[in-house]
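The structure appears below as structure tokens.
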Amino acid sequence: MKESLFLFSGATLRALPDLALPLKAEYFDDIVAGRKPEEFRLATDYWRKRLVGREYGRIVLMRGYPKRDDHERRLIRPWRGLVMRTITHPHFGPEPVEVFAIAVGDTKKTPHEGGRQGRAGKRVAERDFDNRRSAAMRLSDDSEKEVSNG
């Protein structure tokens, strides 16, 4: 039985979409075992469009790309929001990177205050992402100037 969360906006009632995240087996197994409370996605425009300012009803975590009827390789958790983090992880290389940390751990434990990301949290995530991108673009522009002047 599929449960759906609904968002009421004015006179419109609509079901909130699911966020489907395919995972490598080791990360899926760690989430199931309770060792991994967050799933990371690199802070790129691709993920920003899908995560910042969006509401989801549930997260569907998948071990790879399972067949539709393979329920052993799917884990469904409620959407509890995300935060921006700077991490160093072998999957992303040796340098620290900005990531979206999506809450996927046991629902009894809430790593992100207030559960869902509120409007203020969305603005902060958008501002932080924009500030970091602007700083990166300025650095890139300065590098180009140095090359053309040098």
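The values are calculated or read from the model by the stated rules, or taken from the named source; none is laboratory data. These figures come from a predicted structure and were not determined experimentally. Don't worry about glycine lacking a Cβ; one is built from the backbone with ideal geometry, like all the others, and counts go over all protein chains shown.
What pairs come up if the first residue lies in the range 84-112 and is over 14 Å from residue 43 (Cα atoms) and in a strand (DSSP E or B), the second is of a type outside the set (D, E, K, R) and modelled with pLDDT under 90, and their beta carbons are under 9 Å apart, counting only those six or more places apart or on different chains?
Listed by first residue and then by second, the contacts come to 103/110; 103/111; 103/112; 103/115.
So which residues in the range 35-73 are assigned to a helix (DSSP H, G or I) and crowded, with 17+ Cβ neighbours inside 10 Å, if there are any at all? Reasoning before the result, please.
Of the residues in the range 35-73, the ones assigned to a helix (DSSP H, G or I) are 45-51, 71-73.
If the condition is that a residue be assigned to a helix (DSSP H, G or I) and crowded, with 17+ Cβ neighbours inside 10 Å, then 47, 48, 51 are the ones that fit.
When the residues of the range 17-34 are filtered to those that are at negative phi and in a loop (DSSP other than H, G, I, E, B), which remaining residue is surrounded by the most Cβ atoms within 10 Å (Cβ to Cβ)?
The initial filter retains those residues of the range 17-34 that are at negative phi, namely 17-33.
Going one step further and asking which of them are in a loop (DSSP other than H, G, I, E, B), we end up with 17, 24.
Working: 17: 15, 24: 11.
Top of the filtered list is 17.
Considering only the range 53-94, state which residues are within 19 Å of residue 30 (Cβ to Cβ), under 11 Å from the mean Cα position of the chain (by Cα) and of a type in the set (D, E, K, R).
Selection gives 80, 85.
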